[in-house]
1. From Cα pairs below 8 angstrom and at least 6 apart in sequence, can you work out the relative contact order of region 134-185, rounded to a whole percent?
2. Over region 562-654, what is the relative contact order in percent, taking alpha-carbon pairs closer than 8 angstrom and at least six residues apart?
3. Provide the percentage of antiparallel DSSP beta bridges, counting only those with both residues in the chain; round to the nearest 5.
4. Between ARG180 and ARG258, take the C-beta separation as r, use R0 = 45 Å, and let me know the FRET efficiency to the nearest 0.05.
5. Can you tell me the 0 to 90 degree angle between the C-alpha axis of helix 343-358 and the longest principal axis of the chain, rounded to 10?
6. Hey, got the Cα dimensions of region 562-654 along the principal axes, in Å, largest first?
7. Give me a comma-separated list of calculated 3J(HN,Hα) values for region 83-95, in order, Karplus coefficients 6.51, -1.76, 1.60 applied at θ = phi - 60°, integers in Hz, x for any Gly or Pro.
8. Given labels modelled 7 Å from the Cα in the Cβ direction, how far is it in nm from GLU235 to LYS211?
Amino acid sequence: MKLVIVESPSKAKTIEKYLGDGFTVRASVGHIRDLPKSNKDAVDIENGFKPTYQIVPAKQHVISELHELSEKATETILATDPDREGEAIAWHLAQAIGLKKPKRIVFHEITQAAVQEALANPRKIDDHLVRAQEARRVLDRLFGYDLSGLVWKKVRYGLSAGRVQSPALRIIMEREREIRAFVPEKFWVVSADVATAKKEQFTVICSEEPKTEEEAARILKAAETTDWKVISVDESEAIRSPRGPFTTSTLQQVASTRLGFSPSRTMGVAQKLYEAGHITYMRTDSMNLGADAQKALLAVATKEFGANYAEARVYKTKSKSAQEAHEAVRPTNPAKASLGANDDQKKLYALIRARALASQMTEARVLRTKVIANVSGTSIPDFSANGSRVIFDGWLAADPDARGEDVELPKVKSGDALDLVKANMEGKETQPPSRYSEAGLVKELEKRGIGRPSTYASILRTLETRGYVEKQGRTLLPTATGDVVSSFIEENFGEYISDTFTAEMEDELDEIAEGKRKYEKTLKDFYGPFAKAVKSKAKIPKITGMGDAPEEFKCPLCGSDMEYKLSRGGRFMSCKKFPECLGARTEDGLEIAPPTAIGKYPETGEDIFVLTGRFGPYVQVGEVKKGSKTKPRRSSIPKEVDPATLSLEQALVYLSLPRLLGTHPETGENIVANVGRFGPYIAHNTKPKADFRSLKTDDVYKVTFERALEILKEEKKKRGFAKKKVTDTK
């Protein structure tokens, strides 16, 4: 039996159909090892930046199964994805399972021919690709961990920075600052609806846009009182050439524009199509087509549209890092017009097929017409109308959505009289540059050499997850948090998030993959100066304010001026006399009522407040005093209780936690009842690790010492995954 290991279960099912008897196909289900969360344990900087990997806890049963199968197999074949990440997963599998001489195969489409050809041409794991992926992972960890730590201290706890995430946020913020600084200018558009002798109407627009209303009114008056005529007619034939087949970024951009798919959604749908064998691998920056693929596309174009529509074309990829051995995203069998298990898959498959088919077709021919008209005496600027119509559709036959709308003007010639139907003037303002859409940002990142095909979707996802941007429709709007974080990093680490630095680092990682650059030297050249730069900023003051609030918004309590501050919930206005005054407003200027006391805490006489925090409502004894290192006593309010109606008696019950139930008769250590992030529990503080038991049916506020002892005697349920039964797949 031969064991073939792929990444996803659905991919395994597709490949099983092609291999038949003698093969068992299993999936690693993505990554099986990763760096530990603590940077201290993740990378040994002094020992050549050596990473320390840990098995992903949820994958332990997967490794056990694969190890058991590999022991029985005559040979193990690693068939993970055909990119750096796939190569790294193959290497991790070999290390974790203990494979001495594994065979590595790659294919860019899951078809029987491609899989059989790959099996006939196995190779070793590419150490250069593995090293490049390792360098990227370690570099991102060192950058993110060190810089995020400083952002936590100087801006706000829980924020983050990233090697590629932060440059992307900078690009969004640069555009936002352009929008804020933009000063609109007024202008007027003057147009006229005119008609030919045959009563065929069309609209002409003034070629100049007056800056003043007076000039616009003068042009309008002349247009309304004078006879019109055609000054000239210009007709010219133009060609529209097809675009190359999709790369990852162009697929994401067009899917966003035409289908309304986010990049993450596009990649998820494409992954399913690839695993089902319908399209080639969807992470690529190459527009190359294999000879057989090109031949198949030409045959389909000829069959569906005619021989005069088919034309072989070769496209060169602009990206310096493009691997021409890889192919563009294309259908594996273009003769199949519709494929996919659901509507999303069918729509994306149709888009991919149309683009690939169009790329091997003839140019479209378009007739463009420009009619210039004016009033008798030409005392005002010329007016014009533009029209176009397709006279030979060519590649547009395969991709009609790219056609656009035909605007056909009536047949007129120079000197023809025109009748005025109606003249109009409309005041407008110049518009600021538009904010980036997800697809627009992907295009910009690619243009600047930031990121790679496999990272675009994750960059966007991270920015949104971190709360640095919000999506309004398809538009990316930076949040106040994103603004302050980007401004801080730009001011203090601008060099490390510049286009030049980020793009050059991507090129260096590519060179490691090509065997032209050494792993250790690359990381050392980066980390030495970077760590020094982070350390040099250790004493800069913490950001406490974000600028003055508008003068019309005064403190609702004392009437003083206010300033913007940043909280976990976003930006708000705070009294400049804080903490002496607790007056606050929302970002929109609405008053935030200060917390009111619901009573006194019997033991200290301090006020008890009902507050809301990151994890929901809670009760607190006393106020947090500036500079105090003592945390006030506080306790969560159960979800089913309305904080607005909370009584003093209820608050005292909640504040009784953590509740000491007694000491264990055998260990002499405390048994405590409390509520945590995962619900109520009791804890027996045995060393070195406390014994925690969740309370499923017992009331945490009433559970007795005797009942706690009974619970602690119960056998503790083991966490983990049941071992799957191993069977050969024939």
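1. Working: 25 pairs, mean separation 13.8, N = 52.
This gives 27 percent for region 134-185.
2. Details: 129 pairs, mean separation 14.2, N = 93.
Worked out over region 562-654, it gives 15 percent.
3. 90 percent
4. 0.90
5. 40 degrees
6. So the extents along the principal axes, rounded to whole Å, are 38, 30, 19.
7. 9, 4, 5, x, 5, 5, 5, 4, 5, 5, 4, 4, 5
8. About 4.0 nm, to one decimal.
Read-outs: derived from the displayed coordinates by stated rules, not from any lab. This is a predicted model, so every value here is computed, not measured. Neighbour counts run over all protein chains shown; Cβ positions are idealised from the backbone, glycine included.
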